[in-house]
Amino acid sequence: MTALLIKILLHGESPDGQPKVRTRYAVMGSGVGVFVNLLLSALKFILGTLSGSISITADAMNNLSDAGGSLVSLLTSRFAAKHADSDHPFGHGRMEYIGSLLVGVLILVMALELLKSGIEGIITPAAMSVSAVTIVILVISIFMKLWLYVFYRKIGRRINSAPLLAASKDSLGDVCATSAVLLSTALYICFGWKLDGYMGVLVSLFIFKAGFDVCFQTGKQLLGEAPDPELIKSMEKKLLSYDGVLGIHDLVLHDYGPGRCIASVHVEVDSTTDIMVSHEMIDTIEREMQQDMNIPICIHMDPIVTDDETANALRNRVTDFLMAQDQRLTLHDFRIVPGEKNTNVLFDVVLPADYKNEEVLRKRLADFLHVLDKKYTLIIKFDADYAGRIDS
């Protein structure tokens, strides 16, 4: 069904590397969600009113809030597609994260309202009038919501859309919620048990959990979470594939919304290579990263000495020492500057985000170098790991 909708409404176009097509995917996904949720909400409002069921009415309200959430997703997806302007030079892509947060807040507000209705139903249970038609419609609703979950997830993953992925989680919660309503309705028909209010409370808890998950995940994106490890690996692989690149470090990825990243990195090159040759290579890398991965990147060129046997041997010993302290530690920009009384040993060490023993490590390194040669003086800089790859 999803493939058919893509074929009919989007003419089978691929969104990969096509911002306008990606926006059409997002609008189509949100639009389908608005239609399906409005349809389910209308059916359940009618059923809830005719039967006097609080849980069915609560589920109808939930579907109505889902329709509102899908409408928010549609509007924010359109806004996020706006081109950069003087006030927003990096574009409006983060609007998708704001839209996802709004969806989460809508879900939480609805959950609280339904919780109130459920508690009232427990305190003063009302008589219900249900039929086999009610059961059939609830079963259909479950299958429609299950399809909507799969639909949202497939489109959301295809275009990396935070609002659609949030809606997929909400739809899965709705499947559980409507199943609870179906169970309470069936028990009332079979045994006359008035569990409607209790199921209303249970439905509200399902909805609250979905809303909390959406807000929590979106909050991480807005605060600035670690980039996708697979993307980092792909970038590293491509950067290291060029002849002349001896190593990379200080890779930073700035997220301005799904599919809108800007990167910077330090690339190590042989100091004996003609600077014009290295510069041309850097320009080529920047251009091809933009073309192939749709990621503008700013590259800082670090020339390193490769033919100094003393420096190379000392670098290897320091590297082994760091690995013995913590296998996640890496170094770069290693060099030796001899003087009359002291020999400065300079390098940077990249620390994992959870590393808390900088001063202890500094002292151990200084002592280690002093044992090797009393003239060695440690000059070290600790760098943060913004790519998140050492923690993985």
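The values are calculated or read from the model by the stated rules, or taken from the named source; none is laboratory data. Being a predicted model, the structure only gives us computed values, none of them experimental. When we count neighbours, we look across all protein chains shown, and the Cβ atoms used for this are built from the backbone with ideal geometry, even at glycine.
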Checklist entry - Restricting attention to segment 277-303, which residues are exposed (fewer than 12 other Cβ atoms within 10 Å of the Cβ), under 25 Å from the mean Cα position of the chain (by Cα) and assigned to a helix (DSSP H, G or I)? => result 291, 292
Item to check | Members of segment 218-241 that are surrounded by 14 or more Cβ atoms within 10 Å (Cβ to Cβ), part of a loop (DSSP other than H, G, I, E, B) and either among the small types (Gly, Ala, Ser) or touching a residue at least 40 places away in the same chain (Cβ under 8 Å) (or both) | outcome: 226, 227
Checklist entry - Can you name every residue in segment 244-267 that is under 30 Å from the mean Cα position of the chain (by Cα) and not hydrophobic (A, V, I, L, M, F, W, C)? => result 247, 249, 250, 254, 255, 256, 257, 258, 259, 260, 264, 266
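Yes/no per residue for (1) under 19 Å from residue 249 (Cβ atoms); (2) among the β-branched types (Val, Ile, Thr); (3) under 40 Å from the mean Cα position of the chain (by Cα):
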{"position": "344", "(1), (2), (3)": "no, no, no"}
{"position": "355", "(1), (2), (3)": "yes, no, yes"}
{"position": "359", "(1), (2), (3)": "no, no, yes"}
{"position": "373", "(1), (2), (3)": "no, no, no"}
Item to check | Scan of segment 43-66 for residues that are at pLDDT 75 or above and either of a type in the set (A, V, I, L, M, F, W, C) or not in a helix (DSSP H, G or I) (or both), ordered by number | outcome: 43, 45, 46, 47, 50, 52, 56, 60, 61, 64
Next on the checklist: within 24 Å of the chain's Cα centre (by Cα) and at pLDDT 80 or above: which single residue out of 211, 173 fits that description?
Outcome noted: 211
Checklist outcome for this item: Every listed condition ((1) part of a helix (DSSP H, G or I); (2) modelled with pLDDT of 80 or more; (3) surrounded by fewer than 20 Cβ atoms within 10 Å (Cβ to Cβ); (4) not aromatic (Phe, Trp, Tyr)) holds for residue 82 save (1)
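If the requirement is being buried (at least 17 other Cβ atoms within 10 Å of the Cβ) and either in contact with a His (Cβ under 7 Å, 6 or more places away or on another chain) or not assigned by TED's automatic domain parsing to the domain that holds residue 161 (or both), which of these qualifies: 214, 245? Break it down stepwise before answering.
Details: 214 fails: either in contact with a His (Cβ under 7 Å, 6 or more places away or on another chain) or not assigned by TED's automatic domain parsing to the domain that holds residue 161 (or both).
Just a single option satisfies the conditions, and that option is 245.
Please find, within segment 325-360, the residue that is nearest to residue 270 (Cα to Cα) out of those that are of a type in the set (S, T, N, Q) and touching a residue at least 12 places away in the same chain (Cβ under 8 Å). Steps first, answer last, please.
At the first step, the residues of segment 325-360 found to be of a type in the set (S, T, N, Q) are 325, 327, 330, 342-344, 357.
Of the ones still in play, those that are also touching a residue at least 12 places away in the same chain (Cβ under 8 Å) are 325, 330, 342-344.
On the way: 325: 29, 330: 19, 342: 26, 343: 23, 344: 21 Å.
Per the stated criteria, the residue is 330.
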Checklist entry - Has segment 325-339 got any residue that is more than 26 Å from residue 358 (Cα to Cα), exposed (fewer than 12 other Cβ atoms within 10 Å of the Cβ) and either assigned by TED's automatic domain parsing to the domain that holds residue 237 or acidic (Asp, Glu) (or both)? => result yes
